[in-house]
1. Would you work out what percent of the accessible area of the chain, with all protein chains in place, is carbon or sulfur (probe 1.4 Å)?
2. Could you work out the relative contact order of the chain, using alpha carbon pairs under 8 angstrom and six or more residues apart, expressed as a whole percent?
3. Please report, in cubic angstrom per residue, the volume enclosed by the convex hull of the alpha-carbon atoms of region 1-79.
4. So what is the accessible area of region 262-376 per residue, in Å², with the probe set to 1.4 Å?
5. Please work out, to two decimal places, the log10 of the ratio I(q)/I(0) at q = 0.08, 0.14, 0.15 Å⁻¹ from a Debye calculation in which every Cα of the chain carries one identical scatterer.
6. Pop the C-beta distance of residue 23 and residue 334 into the FRET formula with R0 = 56 Å and round what comes out to the nearest 0.05.
7. Per q in 0.14 Å⁻¹, report the Debye log10 I(q)/I(0) for region 228-338, using one uniform scatterer on each alpha carbon and no solvent.
8. Using each residue's phi in region 77-94, evaluate 6.51 cos²θ - 1.76 cosθ + 1.60 at θ = phi - 60° and report the 3J(HN,Hα) Karplus result to the nearest Hz, with x for Gly and Pro.
Amino acid sequence: PEIRFAGFTDPWEQRKFSDLTDRVSIQSSDSDLPQVEYEDIIPGEGTLNKDLRDKDGGKTGIKFYAGDVLYGKLRPYLMNWLYPQFNGVAVGDFWVLRATECDSSFLYRLIQTNSFQRLANVSSGSKMPRADWKLISQSFFAVPADHAEQKAIAKSLAELDSLITLHQRKHDKLVQLKKSMLDKMFPKPGETEPEIRFAGFTDPWEQRKLGDVAAVYDGVHQTPDYQDEGVMFLSVENMATLTSQKFISREAFDRDYPVYPKRGDVLMTRIGDIGTSNVVETDDKLAFYVSLALLKPFNVDSYYLDKSLQSPSAKMELYRRTLHTAFPKKINKNQIAEVMLPIPRSRQEQEQIGALFRNLDTLITLHQRKRRKRLF
């Protein structure tokens with residue numbers, strides 16, 4: 001390999017897969033054993049999504065022991081694999097693999113490699129594609145001759161998996177926290193105060209039309225001719241980062257965009273997942289498609305406006321004003337301006353709420369990036 005652990009220098013061997021493992025096929029319906037099905041595995045992660053003790057037993061499948069490797073042969077691109085540290089029954093289209101001439105933890109990592117996956121997805125069926133055991137079993141794979149190197153590789157990847165899972169859990173908890181805070185820090189329909197708010201603020205909130213606190217503009221209606229460089233062009237799929245690999249010429253930008261996003265403005269989707277928004281934080285010129293609306297705040301904090309659009313009450317307002325006969329769903333510019341938003345009278349309270357959610361978004365993005373960094 002290109003990199004390897006210190007102390008290992010022997011060349012790897014090309015080994016036939018059937019020489020590395022036995023395919024176990026002993027059937028069992030023992031109700032005392034936990035049962036693993038496709039639906040119990042998080043695809044690509046090799047972890048369970050539930051406590052198997054809560055499931056009813058008694059189904060027939062292949063009995064496995066701790067240290068065996070489970071590989072989902074049906075639709076192998078779904079990446080249903082598991083390295084259980086318990087005895088159980090694999091119910092459904094699984095291969096149960098028992099390592100013979102390699103370390104079992106290394107075998108678990110081998111089935112996740114690109115070389116194995118490419119062969120597994122050479123399907124022996126079309127409507128219900130399954131990995132072909134005859135093809136896989138007779139194929140050769142590179143394997144370290146020293147079991148100690150196999151174990152070192154598997155251990156390193158297991159540690160990475162633990163870090164990925166840790167960041168995913170932190171990310172998921174922060175996403176749930178943000179959802180809860182959006183519900184509690186904005187007044188519910190018909191109310192004038194949120195459930196929780198920062199200390200020192202007691203004035204009732206106001207219901208204001210979005211058009212009274214921000215000017216609303218459309219993007220271009222025609223798909224432009226994209227360039228290799230120029231002015232960045234944004235659409236719905238770019239809302240999370242407000243970055244894109246698409247550009248239009250500066251001449252087209254000057255012609256079509258008398259009004260364009262500037263730092264502190266808010267871009268919002270008006271087609272599809274309506275109301276997804278983000279604050280512009282660059283001084284670079286940006287072009288945008290008609291699927292987005294540009295909001296230029298003049299009487300409200302930008303970050304507060306951004307998050308207020310994501311509050312449950314605003315989501316209901318946006319959906320109520322959607323053109324329900326259209327597909328995909330969309331909202332017209334004049335209807336966006338009519339959306340009622342709950343707004344604190346105090347600019348300071350607006351800024352504190354905006355800053356809180358801005359910090360939450362930063363933490364969510366941080367754990368998302370750490371997870372992706374370790375994945376790729």
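1. Details: 10210 of 20310 Å².
Of all accessible area on the chain, carbon and sulfur atoms account for 50 percent.
2. Taking the mean separation of contacting Cα pairs over the length of the chain, I get 15 percent.
3. 165
4. 49
5. So the normalised log intensities are -0.64, -1.08, -1.15.
6. 0.30
7. -0.56
8. Couplings: 5, 6, 6, 8, 10, 7, 10, x, 10, 8, 7, x, 10, 8, 9, x, 7, 10 Hz.
The values are calculated or read from the model by the stated rules, or taken from the named source; none is laboratory data. Predicted model only: the values in this text are computed from it and were never measured. Methodologically, a virtual Cβ is constructed for each residue, glycine included, from the backbone with ideal geometry; neighbour enumeration extends over all protein chains shown. Side chains are part of the model used for accessible areas, which takes the heavy atoms of the whole protein and leaves out ligands, DNA and RNA. Shrake-Rupley method; radii C 1.70, N 1.55, O 1.52, S 1.80 Å.
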